[in-house]
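Okay, so here's the structure we're looking at.
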Amino acid sequence: MQSPQQSKKSPQSNTTLVTYLARALGLLFLLSAILNLFYHSHLPTPSKNWEEQPVSLPKHNKKKRIKEQSNFKPKKIHSPPNPLDIPADIEKHSVPDLPSDSDDEDEKPAKQHNNQGALIKDPLSETVHPTASPTALPPPAKHGTVLPPKPSSILQKNIPQLWTLVAEQVVKTDKDGKPLHHNIHNVTASDLQGIGQDVANITMEEARKGREPLLELLTAAGVTSMDAVSVAKLPTWQQVTDLYGDGPVIYGLETCQQFRDKVPPEDASIGTAGLFNTGTNPFAMYLSANCEMPQNTNDKAKGMRWQVPWGKHMLATYKWRNTAKHDFHVNKTNVLPTVLIRDPYSWMQSMCRHPYGARFVHDHIHCPGLVPSEHDRERHPKELKDKETIPVVVTYPGRRAHFDSLAHFWAQWYREYLEADYPRLIIRFEDMIFHPRKVLSLVCECAGAKPKQEAFSYVVGEGKWGNKVHEGSSNMISAMIRYGSNSSRLTQMSEADLELAYRALDPELMDLFQYPRVPPFGS
């Protein structure tokens, strides 16, 4: 039995214990606050808003065409100010996935697409001053350009052959297993109505001439029947190689070994990124159908992610400052970004049909337009008052980005990924159309992925789905017709537009990815 003195000491002992515990918890909170402050102090600091500092156009690069793509080191230049409008408390909030587009979308495109169609009347105040004044639109016949021959791609050598057979076409299904698009095996002229030029009274022998490589690709993809009129709509292989060369071009292969060495295989993955209308949807389908990280145990898709966890349309410099709403648990360092780039001239044509998160003055008479015409100024006097370019406002959830024009949008977005200080691959949208097996082989081998099966599966049907916003999008055949020749690359662009595009489109990016630059008329 305890003495009275012992029983009196018990409350004091309990009080001392509580005091010690309180002090220990206080120290833990203090340590946590110090670690959090240290982490945020080492995040990349965003540059000033583009509205606070004018942007100078890149000078013409007179260097010889780059021959060794994988060893290319971009010249360090002063990066243009970051165009994002950042709320003061933006770091306290996570920003959800970005708006979907015609060729690429997130898992729930209907909810993520921005349906507010009104023009955002807060365009960039700093404008570019082109030397050419706005002029009337030239007739379409003037838009023919002579393309210089392309050098052979260095990636033609030593491309791994990961697949030996051909499988069924990829079909995307919803959660209930219902197909969102269907296989394409037979193609007739009525299926391609309104796409390409119709050629009447042509024999199959005449239609096939010069198109044999494309027909072999379509046959391998399971398209077993096409009538002569449909075949004649396809570009010739010479037209394709004049635009893009005879093989794929991929930037960033020198970072593959670094990614494989430093990223644990049980958490390594590939994520897709790119601007609107660059084919991230079909490319993600290609990855999912053909590759896997066999040791990945952290996600159901075996390392083939639908997008990078910071959002596939987000600027590269915001890798550490933005997280897509489903990806809070993802270690961003362990994701290899595979970025799709596209010929900016044809990309601007697609932006006219499907602008999605981008808002800019345009109509069916003048689009793509970079410099306002008299027609534009008459229809939009307030939006274009004192403007010498047609500005673009890109709406992201919680923020907006301002660009001088579509050409500036394209150039800055890809320049940031080109100069990123982490492993990434940049691949051409057009190579996914004309060289899918070679591109997938290089990308999957780079990340350490393995073939999902012995046979390769092609994405032939439409690479997007969801709501009406995707109507009129391309499948494999219509994409070949639309983007395989130079016939509509410059449609509705005025002389002033071409003058500005020639100066605004980054010449190093254009040369690196072998996209033909278009000099202004008369130069």
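Each reported figure results from applying straightforward, stated rules to the coordinates on display, with no laboratory input. This structure is a prediction, so every number in the text was calculated from the model and none was measured. All Cβ positions, even for glycine, are placed from backbone atoms using ideal geometry, and neighbour counts span all protein chains on display.
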Original post:
Cross-link list 172/233; 178/450; 178/300; 302/325; 262/302; 319/452: which exceed 23 angstrom alpha carbon to alpha carbon?
Top reply: 172/233; 178/450; 319/452
**OP:** Could you work out how far the C-alpha centroid of region 168-209 sits from that of region 397-455, in angstrom?
**Re:** 26 Å
Original post:
Taking amide H positions as placed 1.01 Å from N in the peptide plane, with prolines and chain starts having none, which residues 5 or more places from residue 359, or on another chain, fall under 5 Å of its amide H?
Top reply: 393, 394, 395
**OP:** Extending each Cα 7 Å along its Cβ direction at residue 188 and residue 419, get the distance between those two points in nm, one decimal.
**Re:** 5.5 nm
Original post:
Out of 308, 346, 248, whose Cα points farthest toward the positive end of the dipole of region 245-348 (charges: +1 Lys, Arg; -1 Asp, Glu; placed on Cβ)?
Top reply: 308
Subject >> Calculated FRET efficiency for the pair residue 30/residue 208, C-beta based, R₀ 60 Å, to 0.05 >> reply: 0.20
Subject >> For region 322-339, 3J(HN,Hα) per residue [Karplus equation, 6.51 cos²θ - 1.76 cosθ + 1.60, θ = phi - 60°, Hz, x = Gly/Pro] >> reply: 9, 9, 5, 5, 9, 10, 5, 8, 7, 7, 5, 5, 8, 10, 8, x, 10, 9
**OP:** Search the structure for amide H atoms under 5 Å from the amide H of residue 227, placed 1.01 Å from N in the peptide plane, and list their residues when 5 or more places away or on another chain.
**Re:** 187, 189
Subject >> Nitroxide proxy distance, nm - points 7 Å out along Cα→Cβ at residue 224 and residue 450 >> reply: 3.2 nm
Subject >> Long-range HN-HN contacts of residue 389 with modeled amide H, under 5 Å >> reply: 128
**OP:** Calculate the spin-label point distance for residue 200 paired with residue 353, positioning each point 7 Å from the Cα along the beta-carbon direction, and give it in nanometres.
**Re:** 2.5 nm
